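Worksheet for the structure shown next.
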Amino acid sequence: MNCLTTKEIYLYLDDKFPGHRDDVEAHISSCAQCSLAVANRRQVLRASKSLPKETAPAGFARQIINFLFPARARLKDVVLALSAGFLSFVFIIFAYLAFTGKSLAGFFLTLSQTLLEAVQTASLVTVKTFKLFAVGFRVVRQLFTLAFHEISRLASFISTEVQILLVTISILGFLTLFYLLRKFVWAGGKA
Amino acid sequence: MNDEKELIRRTLQGEKEAFEMLITKYQNSLLTYISRMTSSREMALDFTQDVFIKTYTNLHTYRPQFKFSTWLFKIASNTMIDYWRKKKLDTFSIDQRHKDDDRPQFQLPDDKISIENKYELFQIRERIEDLLDILPPSHRELFVLRHVNEFSYDEIAEIKNIPVGTVKNRVFQIKELIRKKLEKKL
């Protein structure tokens with residue numbers, strides 16, 4: 001038998017050599033060159049197979065599952081949380097009563113009086129706020145009416161062409177003002 | 001194998017515990033493969049998670065006539081190719097035949113020293129680890145699939161979607177390359 005090629009050596013080491021294995025082994029044991037070549041490659045393969053393997057951290061699979069299926073609050077949990085909240089509230093009230101020595105009826109009377117005062121105050125604030133808005137609306141309406149009358153009076157003295165020119169200048173002025181505001185104030189530019 | 005198919009069937013029916021069992025079964029082998037392809041453990045863990053998520057979202061496309069492990073590693077391999085492309089690393093297809101493809105493996109061996117007598121197994125292993133880091137990713141991948149994850153040539157061919165003969169030749173070449181580099185370095 002001839003000496004083995006490198007490909008044949010790898011096939012032999014993989015147990016995939018097409019010929020008779022006994023013949024190959026007989027040749028290897030009698031040929032120093034092939035024996036060295038096989039030993040070297042076998043050693044490299046052994047070292048490769050013993051390369052360290054990685055281990056995933058504990059709970060890794062659970063972490064992926066939690067990512068794929070985000071937890072949703074169940075009705076049972078919501079009811080439990082609300083019950084716990086209510087019971088805590090009751091406990092705090094009783095603790096307060098025990099600490100201050102007040103009766104339950106007295107506590108509810110004080111509570112209802114406080115609530116009544118709060119509602120009265122809130123109503124008063126609401127009414128005053130509405131009155132303020134009504135006054136503001138009337139003032140703005142009068143201002144607009146006055147401006148409209150004055151512009152109408154002015155328009156009767158000025159020709160149509162000049163009116164168009166004035167409107168155009170106003171629009172351009174407004175746009176320029178808007179642009180400058182955007183550039184130097186909102187966009188944080190330097191004036 | 002049948003257990004695995006049962007787990008897949010249960011996962012498709014929405015049973016998350018079944019998919020958790022699949023993850024537990026493959027997490028270490030997949031993490032080992034990805035760790036060899038990336039530079040840090042943290043990155044490998046992120047990619048491993050990513051591969052399992054892709055596997056879950058595409059599980060309805062899995063065909064039971066193929067092995068689940070090869071299908072899973074095919075997803076992992078494609079994920080790695082995308083990563084190398086982004087990093088602009090060597091991603092040439094291994095079925096591209098190089099003009100020297102058939103040369104080294106058909107020649108007679110040219111061993112000059114006995115690695116076995118001269119060096120301990122752990123020394124060779126350390127050297128191989130160093131060499132793996134400098135191999136092009138496409139070479140490293142084949143070597144890891146064959147010798148670390150211990151896939152058969154047929155399975156690697158299925159994962160990489162290339163002929164078995166090409167896989168064998170290329171793996172022989174890579175092993176020979178590593179052996180020659182070892183001989184020089186040791």
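Structure data summary
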quantity: Test: residue in region B:25-40 that is within 13 Å of chain A (Cβ to nearest Cβ) and loosely packed, with under 14 Cβ neighbours inside 10 Å; calculated: yes
quantity: Some residue of region A:144-158 being polar (S, T, N, Q), assigned to a helix (DSSP H, G or I) and loosely packed, with under 10 Cβ neighbours inside 10 Å; calculated: yes
quantity: Candidates A:Leu36, A:Leu68, A:Leu104, filtered to the one that is without any contact (Cβ under 8 Å) to a residue 60 or more places away in the chain and more than 14 Å from every other protein chain (Cβ to nearest Cβ); calculated: A:Leu104
quantity: Some residue of region A:96-113 being surrounded by fewer than 10 Cβ atoms within 10 Å (Cβ to Cβ), farther than 30 Å from B:Ile53 by Cβ and of a type in the set (A, V, I, L, M); calculated: yes
quantity: Any hit, region B:61-70, residues being in contact with a Leu (Cβ under 6 Å, 6 or more places away or on another chain) and over 24 Å from A:Lys53 (Cβ atoms); calculated: no
quantity: Selection count where residues are farther than 13 Å from A:Ser48 by Cα and either assigned to a helix (DSSP H, G or I) or in contact with a strand residue (DSSP E or B) (Cβ under 6 Å, 6 or more places away or on another chain) (or both), scope region B:134-168; calculated: 18
quantity: Subset of region A:15-48 (residues that are in contact with a His (Cβ under 8 Å, 6 or more places away or on another chain) and closer than 18 Å to B:Ile128 by Cα); calculated: A:Leu45, A:Ser48
quantity: Segments classed as helices (runs of 4 or more DSSP H), wholly inside region A:1-88, with at least 1 members that are surrounded by 13 or more Cβ atoms within 10 Å (Cβ to Cβ) and hydroxyl-bearing (Ser, Thr, Tyr); calculated: A:6-13, A:32-49
quantity: Counted residues, region B:138-182 - those being of a type in the set (Phe, Trp, Tyr) and in contact (Cβ under 8 Å) with a residue 40 or more places away in the chain; calculated: 2
quantity: Region A:56-90: number of residues that are of a type outside the set (D, E, K, R) and either under 17 Å from B:Val51 (Cβ atoms) or within 22 Å of the chain's Cα centre (by Cα) (or both); calculated: 14
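Values in this text are rule-based calculations from the coordinates and carry no lab data. This is a predicted model, so every value here is computed, not measured. We place every Cβ from the backbone using ideal geometry, glycine too, and count neighbours over all the protein chains shown.
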